[in-house]
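Working notes, beginning with the structure itself.
We did not get these values from a lab; they are worked out from the coordinates using the rules stated. This is a predicted model, so every value here is computed, not measured. Positions of Cβ are generated from backbone atoms using ideal geometry, with glycine treated the same way; all protein chains shown enter the neighbour counts.
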Amino acid sequence: MATRNLISTRIALIGLPRSGKSTLGPLLAEQLGYVWLDSDQGISESSGRSPAEWIAESGMSTFREVEAQWLHKTEFPERLVLSTGGGLPCYGENMDYLLTHFCTVHLNLDLQSWLDRMHTVPAHTLCQHFRHDELEALYQQRQSVYARTNLALPPLKTPARSLSALQALLGKHFRAQH
């Protein structure tokens, strides 16, 4: 697809855990000739501790502070696809920052599809710490933040279909801005 020349900005993929950010991110970056970065990986590399280590050793609030500092202080390349951690946009001023510096795309899932993905073996770590009703509440809470993104991609059956739809969505968005 000819989207390569239309996009001249950073792209942030936002969504719940297992929504496809880490699957589509590198595929999209490769198609566009962009750099791909996973925020959790970036935090691990810059701090020497993984998000799980931060949370276990220092608590969730400290991790969210580290995550926000990483986001706001990192000098990102201009041609970047960033796969954010699911909670990154939901804390502090992170979503405002993302909206200012990135074209944000919500990888949207309905509640049941998300719960199915979360419990797919191996079950996501959140499933060990949250009851079913707590996962539903988390889903609902984050939807209002994710709804602020520039674009939303509905769930599709395969990464290839999702990538194609994402490229078309981005192409249409950037053509409309020029």
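All other residues whose Cβ lies under 15 angstrom from that of Met60 are scored, Lys and Arg at +1 and Asp and Glu at -1, for a net of -3. Taking other C-beta atoms within 10 angstrom as a stand-in for reagent exposure, Ile43, Ile14 fall in the order Ile43, Ile14, fewest first. Distance between the C-alpha centres of the stretch 109-148 and the stretch 53-88: 20 Å, rounded to the whole angstrom. Placing a label point 7 Å from the Cα of Ser22 along the Cα-to-Cβ direction, the residues of the stretch 74-107 with a backbone N closer than 13 Å are 83-87. For Lys157, the lysines whose Cα falls under 18 Å of its own Cα, not counting residues fewer than eight places away in the same chain, are Lys21.
If the segment from His119 to Asp133 were pulled out straight at 0.36 nm per residue, it would be longer than the present Cα-Cα gap by 3.6 nm.
Size check on the stretch 28-169: the Cα extents along the three principal axes, sorted descending, read 40, 36, 27 Å.
Counting other beta carbons within 10 Å of each residue's own, what order do His173, His132 fall into, fewest first?
Working: His173 16, His132 11.
Placing the least packed residue first, the sequence is His132, His173.
With a simple spin-label model that places each label point 7 Å from the Cα along the Cα-to-Cβ direction, the separation between Arg161 and Ser46 comes to 3.7 nm.
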